[in-house]
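Read through the structure below, which is laid out as structure tokens, and then see the notes.
The values are calculated or read from the model by the stated rules, or taken from the named source; none is laboratory data. These numbers were taken from a predicted model, which means no experiment stands behind them. Glycine also receives a Cβ, built like all others from the backbone with ideal geometry; neighbour counts cover every protein chain displayed. When the accessible area is computed, the model is the full protein with side chains, heavy atoms only, and any ligands, DNA or RNA have been set aside. Shrake-Rupley method; radii C 1.70, N 1.55, O 1.52, S 1.80 Å.
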Amino acid sequence: MNKKLVISVCLLAIYILLTLTNNPIPSLKSPFLFYCNQSQKDLKSSLLKSLKNAREEIQISVYSLSDQDVIKLLNNKALEGVQIKLQVDKNQVKSLQKKLSEKIVLTTVKQSGLMHQKIFLIDNVCYLGSSNLTSQSLRMHDNLMLGLYQPKLNSYLKSYLFEKKKPLLDFHSQYLDLYLLPNKKALDRVLMSLNGAKKNIQIAMFTFTHPQVLEALILAKKRGVRVEVIFDYLSHKGASRFMAQKLNEAKVPIFHNRGLSLMHHKLALIDNETLITGSTNWTKSGFEKNQESLIIIEKLSTKDRKFIQKLWRNLLWESKKI
């Protein structure tokens, strides 16, 4: 057998083994988990496993849902009697209506911007982050999701997203601070974190156009903070072009990904201790118009810090300096 073919088969077998064995879901014993395809923690496999385990209810608020495996599983769970509610952007409703069981409640919200959230509630498990429920987003594009076993958070989000019982703009726990946008507090908190940086700021952002954030990064650079920004290749030539130009003029190292898939992250690591992530791009619409989520985790554990630092190294390895 050809030596290259043998190596390829072995690598494929290793990948399949990792995919099958490294798909943990949040639990009482492991209440906080990161998922990212660049780290071999397969989001899609873990999510499907979590959906299969659902016994009572599934509530999903997401911009786009088209993955056939997810849709098939949701329809099957609805037939089993699991209560399922989906909320998507208004432009996605018609395409989904034909694919979903009549037992699934499909809604949208009145909005001036996008319904851009990525929030998946499955019994007592919650997933938050940047991934849509499309095949490309779950397996090909660069995304980061957090999995949480926190019944209190699920209860709050369910009340806000689907039952409209009470307004919820932010939620605070021992694991994280969650802001639901539009919410002025979210931008203020991001700026406070950037302005408080002492050593380094590392940002990977799909679309970045907010002028106040740009100003904060340039000021951080001037006071001696090491600032690095990774853009998506297409975005740095399009929507984020002005920001890339201004950061380059300020001598901030900037990069773009080199792959065919989207660099869809919305994350910032500050002083290797604070992580900012979620569904929102750093744009005026993201903070002021869209339905979004923003997550801030301070004092990352040693394990989580190593995970994010490894992710950053992978992002740099996959990128080209501009």
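A single entry from LYS246, LYS320, LYS310 fulfils the requirement of being touching a residue at least 24 places away in the same chain (Cβ under 8 Å), open to solvent by 30 Å² or more (accessible area, probe 1.4 Å) and part of a strand (DSSP E or B): LYS320.
For the stretch 289-307, a residue qualifies if it is within 27 Å of ARG241 (Cβ to Cβ), in a loop (DSSP other than H, G, I, E, B) and open to solvent by 20 Å² or more (accessible area, probe 1.4 Å), and exactly one does: LYS289.
At least 1 residues being in contact with a Pro (Cβ under 6 Å, 6 or more places away or on another chain) is the threshold, and among the strands (runs of 3 or more DSSP E) wholly inside the stretch 117-229 those reaching it are 125-129, 145-149.
The residue pairs whose first member lies in the stretch 134-156 and is within 13 Å of LEU47 (Cα to Cα), whose second member is among the charged types (D, E, K, R), and whose beta carbons are closer than 7 Å, counting only pairs six or more residues apart or on different chains, are THR134/ASP67; SER135/ASP67; LEU138/LYS44; LEU138/ASP67; ARG139/LYS44.
Look through HIS256, HIS265 and report the one residue that is crowded, with 24+ Cβ neighbours inside 10 Å and within 19 Å of the chain's Cα centre (by Cα). Just one listed residue meets the conditions, HIS265.
Candidates are the residues of the stretch 88-103 that are loosely packed, with under 12 Cβ neighbours inside 10 Å and not in a helix (DSSP H, G or I); the one that is modelled with the highest pLDDT is GLU102. When ILE276 is tested against (1) part of a strand (DSSP E or B); (2) farther than 14 Å from ILE203 by Cβ, just one condition goes unmet, and that condition is (2). Applying the condition of being touching a residue at least 24 places away in the same chain (Cβ under 8 Å) and either among the basic types (Lys, Arg) or open to solvent by 30 Å² or more (accessible area, probe 1.4 Å) (or both) to the stretch 223-233 and asking which residue is farthest from ILE296 (Cα to Cα) yields TYR233.
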